[in-house]
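To keep things clear, I will list the structure first and then write my remarks on it.
The values are calculated or read from the model by the stated rules, or taken from the named source; none is laboratory data. Since this is a predicted model, take the numbers as computed values, not measurements. Every residue, glycine among them, receives a Cβ derived from its backbone with ideal geometry; neighbour counts consider all protein chains shown. Only protein heavy atoms, including side chains, enter the accessible area calculation; ligands, DNA and RNA are left aside. Shrake-Rupley method; radii C 1.70, N 1.55, O 1.52, S 1.80 Å.
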Amino acid sequence: MRKTLLAAAVLAAMAHAGASSPTSAQPLPPTTFNVVGSIGNLSMYTAREVPFWNETLPAASGGAIRAQVKPFTELGFRGPEIFRLVSNGTLQFATTVLNYNSGEVPMNEAADLVGLVGSVEELQRVVNVFRPQFSAFLEQRYGLKLLGFGSYQAQVIYCRDAFTQISDLRGRKVRASGASQQAFVQHIGGSPINMAFAEVQPALANGVVDCAITGALSGYRSRWHEAARFISPMPINFGLAAQLANLRWWNSLDPRVRALMEVELRKLEESIFDQAKTETQTGLNCNTGTGPCPEGAPASMRLVAVTPADEALRKDALQKAILPSFAQRCGAECVATWNQTIGQALSIRIQ
């Protein structure tokens with residue numbers, strides 16, 4: 001009898017819930033967690049991540065979801081360790097640039113190889129093609145939940161000393177982030193230097209490196225123009241980032257919390273890509289004073305125009321150095337996945 005009454009009660013509760021309007025739905029359970037954000041003085045963090053975690057997500061959840069967000073640059077991290085720390089559960093959620101540890105996880109750089117795409121729009125198209133396979137890869141191999149992408153503006157070359165074309169960088173020490181940037185620097189005859197972002201400006205000033213690669217606006221905001229006097233606008237790659245959660249922690253959340261966060265984080269992704277589409281030109285303007293600079297006083301770097309020889313060199317590097325190096329690091333299964341997704345979208349095939 002008790003079982004019958006209990007079943008009737010459950011059915012009545014379900015029927016009541018089904019008849020309820022959306023406005024009378026049960027509130028989400030209180031959910032709090034920590035988020036490690038991206039580079040603290042750059043706009044992906046200041047203009048997109050901070051408002052999202054502090055305002056947008058709490059509002060969308062009726063105040064139920066609240067996160068404490070700090071950029072990795074204020075927490076004593078260098079960058080490459082973030083992926084590992086989310087994977088092993090030390091961190092719950094983080095935004096990280098994927099090429100920071102592409103030497104360890106080559107698949108992380110698959111969509112943002114040097115010379116692969118020439119615009120944020122192209123990168124976004126490639127990312128959407130690659131997303132399902134990359135998401136499954138991260139879950140199965142690293143216990144990570146992929147919840148969104150983002151990107152900085154075009155990564156360009158800053159140099160202390162004069163150059164007129166990219167081939168002039170032969171013999172120079174160039175800070176390069178990620179395996180394919182390093183392969184590119186080697187291909188043009190330079191010496192790639194692996195260095196944390198925060199260390200680059202003083203390294204340029206002290207001559208530890210001759211040149212460095214970063215976003216056009218990122219370098220301006222970090223005052224690289226105080227030591228580097230010459231800049232090329234040729235896009236090397238784009239600094240693709242990912243929003244990653246520890247999978248075990250993610251699965252422990254209420255399903256309704258997960259569903260809301262997935263929707264809102266995809267909106268965050270769109271807003272970050274939209275921002276990146278305009279920031280390359282803003283960064284070049286601000287570094288060189290050749291156009292409007294809403295960021296502050298423009299610097300006086302010399303803009304080194306991209307030559308046909310530069311474009312040819314970038315294409316040559318992709319075919320002869322970047323793709324073969326990526327294939328060797330990534331392995332046959334990874335290459336097959338790349339060919340079926342990104343390669344097919346761009347009509348490029350790794351042999």
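Sorting 62-71, 104-113 by their mean Cβ neighbour count within 10 Å, with the most densely packed peptide first, gives 104-113, 62-71. The Cβ shell under 13 Å around A154 holds other residues with a net charge of -2, Lys and Arg each +1, Asp and Glu each -1. The residue among Q165, A332, V117 whose Cα reaches farthest toward the positive pole of the charge dipole of the chain, with charges on the beta-carbon of Lys, Arg, Asp and Glu, is A332.
Highest mean first, the peptides 272-281, 126-135 sorted by other C-beta atoms within 10 Å per residue fall in the order 272-281, 126-135.
In the chain, taking the dipole from charged Cβ atoms about the Cα centre, the farthest positive-side position among Q140, V209, G219 is held by Q140. Pairs from the table (K70/K277; K173/K267; K145/K173; K70/K173; K267/K315) lying more than 30 angstrom apart at Cα are K173/K267; K145/K173; K70/K173; K267/K315.
Shape of region 201-351 from the C-alpha gyration tensor: oblate (a/c of 1.5 or more and a/b not above b/c, with a ≥ b ≥ c the square roots of its eigenvalues). If I compute solvent accessible area with a 1.4 Å probe over the protein chains, what percent of it on the chain is carbon and sulfur? C and S fraction of accessible area: 52 percent. When only the Cβ of Lys, Arg, Asp and Glu is charged (+1, +1, -1, -1), the dipole of region 245-351 relative to its Cα centre reaches about 320 debye.
How many percent of all Cα-Cα pairs in region 99-180 sit more than 22 Å apart?
37 percent
Taken per residue, the accessible surface of region 271-351 reaches 51 Å², heavy atoms only and a 1.4 Å probe.
The fraction of all Cα pairs in region 205-250 landing in successive 10 Å bins from 0 to the largest distance is 20, 41, 18, 15, 6, given as whole percents. Secondary structure note: in the chain, about 55% of the DSSP beta bridges are antiparallel.
Charges were assigned to the Cβ only: +1 to each Lys and Arg, -1 to each Asp and Glu. The resulting dipole of the chain about its Cα centre is roughly 640 debye.
Taken about its Cα centre, region 22-147 carries a charge dipole of roughly 280 debye when the Cβ of each Lys and Arg holds +1 and the Cβ of each Asp and Glu holds -1.
Computed log10 I(q)/I(0) for region 166-226 at 0.15, 0.21, 0.26, 0.28 Å⁻¹: -0.40, -0.78, -1.12, -1.22, from the Debye equation with unit scatterers placed on every C-alpha and solvent omitted. Taking max minus min of the alpha-carbon positions on each principal axis, the chain gives extents of 88, 48, 31 Å, largest first.
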